[in-house]
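Okay, structure first, notes after.
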Amino acid sequence: MPLPLVMRFIPAYRERRDAVQVPFFTRLLEATESRPQRGAMLLIRRRGQKVLIALMWLSLVIAAAKPQWLGEPIEQQKAGRDLMIAVDLSGSMETEDFSQADGKPADRLTAVKTVLRQLANERAGDRLGLIVFGSSAYLQSPFTEDHRTWLLLLNETRIRMAGPSTALGDAVGLAIKLFKDAETEHRVLLLLTDGNDTGSLVPPVDAARVAATEDIRIYPIAVGDPTAVGEEAIDLDTLARMAEVTGGQAFEALSSEDLIAVFKLLDTLEPNIFESVKFRPRTDIHWLPLGAVLMLYLLLRTLARLWPLPKAKMPQ
């Protein structure tokens, strides 16, 4: 901004040279009894032209500041809860003790997928994540609000793709790690399994205690036959303790109808949460003062052609 003031005190550029060659210049001086002089012709700017130049400079300064136009406030709804779903893919999940809507038998994983599809369609206010576990736990889908992509990744899961065993505690441990980057304070882990822990590095209950310190609620859902024995037996006591230490609740689902009932109850325990986010869109408008500079320059040139600048002689 102060640059024009500095330029005001800088001497104007002048160049000494003869503009006109007059023949017999010496004789002419003797005849007229005049003394030769050297002088400079200075152009005098009109007041209006000075104003235009000042406006051009001001417009350039404004354009350099990159002005922006703030639009009207826009309110958007974003997910208010992070819901991680851990699905057991051990070999026992292929047991066909569930039934589909048409009455045909279905394995446990197919029944779980059917209900999870319904869950994804109804939980528009949640960011969903997906963990699959067997002998180890793996991340199938990070937290996302794109439920369509989440469903595609769910459909790609297969029995035994994570190993034949059930690493229940490792699945909880992986969920804890993923929740550390969660964007919301409402953190829920939905754990679907049909067996007991058969080889986790961290016992399931100990992992649940760590989850409780991170404000993560665990809802274990036992699917399948509770009377099974051996490695396929469901450890209902462990699942209940995991839910208790985290403030969640354990469920049993022996059929597709039970699974649907459980998820309806979850809708009551963990209703949809939306968080409102307001922002004002910004639009760059630096082109406006630049356009003003161009228009002022054209106006200045037009005025210079229509009204030539007056001249003043300043002898030296």
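None of the figures in this text is laboratory data; all of them are computed from the coordinates on show. Bear in mind the structure is a predicted one, so any value in this text is a computation, not a measurement. We place every Cβ from the backbone using ideal geometry, glycine too, and count neighbours over all the protein chains shown.
Details
- Simple Cβ-charge dipole of the range 76-277, Lys/Arg +1 and Asp/Glu -1, about Cα centre, in debye nearest 20: 520 debye
- Contact order normalised by residue count of the range 76-277, Cα under 8 Å, 6+ apart, percent: 25 percent
- Both radii are taken from the alpha-carbon atoms of the range 133-248; with Rh as the Kirkwood radius, Rg/Rh is 0.96.
- Lys/Arg +1, Asp/Glu -1 at C-beta; the range 76-277 dipole; positive extreme among Ala137, Ser92, Leu201: Ala137
- Mean Cβ neighbour count within 10 Å, used as a protection proxy, ranking 259-265, 109-115 highest first: 109-115, 259-265
- For the range 80-152, share of DSSP beta bridges that run antiparallel, in % to the nearest 5: 45 percent
- Virtual spin-label span in nm between Glu30 and Lys113, 7 Å along Cα→Cβ: 11.9 nm
- Peptides ranked, highest mean first, by Cβ atoms within 10 Å: ranges 87-95, 207-215: 87-95, 207-215
- Mean projection of the Cα convex hull over all viewing directions, computed for the range 76-277: 10.2 nm².
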